[in-house]
Amino acid sequence: MRILFVAGGTSGVIFSIIPLAQAARNAGHEVVMAGPENVVSTITSAGLTAVAVTSRKMLDTLLYDDGGRRPIPTDLHERYIFNGRCFGRYADWCLEGLLAFADHWKPDVVVGGTLVFAAPLVARHAGVPYVKQAVDMGEPRTIDLAAAAELGPWLRRLGFHEMPRSDLFVDVCPPSLREADAPPAQIMRYIPYSTKGRIESWMYTRGDRPRVLVSAGSRVTPDRDFEILSGLVAKVGALDVELFVAAPPDVAAALRPLPDNVRAGWLPLDVVAPTCDLVVSHAGGTTVLGNMHYGVPQLLIPYLPYALSFTRRLTEYGAAKMLSPEDDSPENVAEACREVLGTPSYRQRARDVSQEMSRLPGPSQALAAVERLVHTSR
């Protein structure tokens, strides 16, 4: 069977769909993952075949054709529409290359991550099933509507009256944390994925002080979201803790000099995160899910509007504490950290989520559902 995976424009969302793609490859299927040129190395480093379908980057959607920067709305609803338009614009850039590849390679099924709006169009054009895989705990549905509006010319060109719906939805959100009106789904255990390297003893050897991990996600650069990460480091670094900062090398260099209790740079999160007592982050979807997998309580500051819904769900469950971006003063962040570190119920609830996730079907079982879908569609 030939399976075409369609990736998003940044590494974080690609990490989420790699386990299913690897399971398909290991089962003997022909697997190709399509994405923009700038993420090809991320795909191939996972042992997967990549095809580049555009030279443009996801961040280019924030720019006008003349290079000017589009103003980002402050109103929450308008921000969702803005985001949806950006994702639709990005899908537009990918479609020519995707359609040409699909016409030649002829996949049996197309699997696309959430918010990858080119995937359903390519699947319907090729006349094969479309599988949608969640990459985190869910996004506002207004984004889907705005993306469809942006893709109106493509819908007309391909002869579609609306955005095609998925034939199978693979959800990685634990059932206890799903939205009350979440659609039927093949549930799949979320498996964190990240680049690998050599580990050192300090990564897995605890000292006497609490361990705290700070992250602003895989998209942070010295020019983008750096102030979020540097702000969190400054606010948490003043505590009497052993602090780890997950950051690319150039970002870690820009953070220095750092206090003696702070280490910044590439971290093997599968080694470091399980030794931590708290994770403080921007509430990015894959960051939150990954640390849920490791059973670590979290302090979430949802700087990204789409993160509000699942941040609230995890907070209500008792495995995290939320601070609004407007309240992220050094004093409030420090107080929130001390609360989570000093309240055992946060750790217990985080472990409860981790145990629930460990019992969910793995990628091989989700793949079996994809295989059944293809078989019945023939």
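The values are calculated or read from the model by the stated rules, or taken from the named source; none is laboratory data. Keep in mind it's a predicted model, so treat the numbers as computed, not measured. Using ideal geometry, Cβ is built from the backbone for each residue, glycine included, and neighbour counts are taken over all protein chains shown. Accessible surface areas use protein heavy atoms only, side chains included; no ligands, DNA or RNA. Shrake-Rupley method; radii C 1.70, N 1.55, O 1.52, S 1.80 Å.
Put a plus charge on the Cβ of each Lys and Arg, a minus charge on the Cβ of each Asp and Glu, and nothing anywhere else: the dipole of the chain about its Cα centre is then about 880 debye.
Based on a Kirkwood Rh over C-alpha pairs, give the Stokes-Einstein translational diffusion coefficient of region 33-178 at 25 °C and viscosity 0.890 mPa s in µm²/s. Estimated via Stokes-Einstein, D reaches 152 µm²/s. Over region 91-148, the hull volume per residue, using the convex hull of the C-alpha atoms, is 76 Å³. Taking packing as the residue-averaged number of other Cβ atoms within 10 angstrom, the listed peptides 319-328, 131-140 run from highest to lowest as 131-140, 319-328. Close amide H contacts of Ile187 (hydrogens built in the peptide plane, cut-off under 5 Å, sequence separation of 5 or more or a different chain): Asp171. Karplus-based coupling profile of region 41-55, in residue order and whole Hz: 5, 5, 5, 5, 5, 8, x, 10, 7, 10, 10, 7, 10, 7, 8, with θ = phi - 60° in 6.51 cos²θ - 1.76 cosθ + 1.60 and x standing for Gly or Pro. So for region 161-268, Kirkwood radius off the Cα pairs, Stokes-Einstein at 4 °C and 1.567 mPa s: how many µm² s⁻¹? In µm²/s, the coefficient is 77.
When N counts the residues of region 226-378, how does its alpha-carbon radius of gyration compare numerically with 2.2 N^0.38 Å, as a ratio? Provide the component values of the computation, followed by the final result.
Numbers: Rg = 17.6 Å, N = 153, 2.2 N^0.38 = 14.9 Å.
My calculation over the Cα atoms of region 226-378 gives 1.18.
So how many Å³ per residue does the convex hull of the Cα atoms of region 187-227 work out to? Kindly include the intermediate steps, with their values, before the conclusion.
Values: hull volume 7.1 nm³, N = 41.
That works out to 174 Å³ per residue.
Using Cα-Cα distances under 8 Å and only pairs 6 or more residues apart, what relative contact order does the chain have, in percent?
Values: 709 pairs, mean separation 58.9, N = 378.
RCO, the chain: 16 percent.
When you count the other C-beta atoms within 10 angstrom of each residue and take the mean per peptide, 202-212, 108-118 line up highest first as 108-118, 202-212. Put simply, the convex hull of the Cα atoms in region 296-378 casts, on average, a shadow of 7.4 nm².
Taking only protein heavy atoms into account and a 1.4 Å probe, give the accessible area per residue of the chain in Å². All intermediate terms of the calculation are to be shown ahead of the outcome.
Values: 16440 Å² over 378 residues.
On a per-residue basis, 43 Å².
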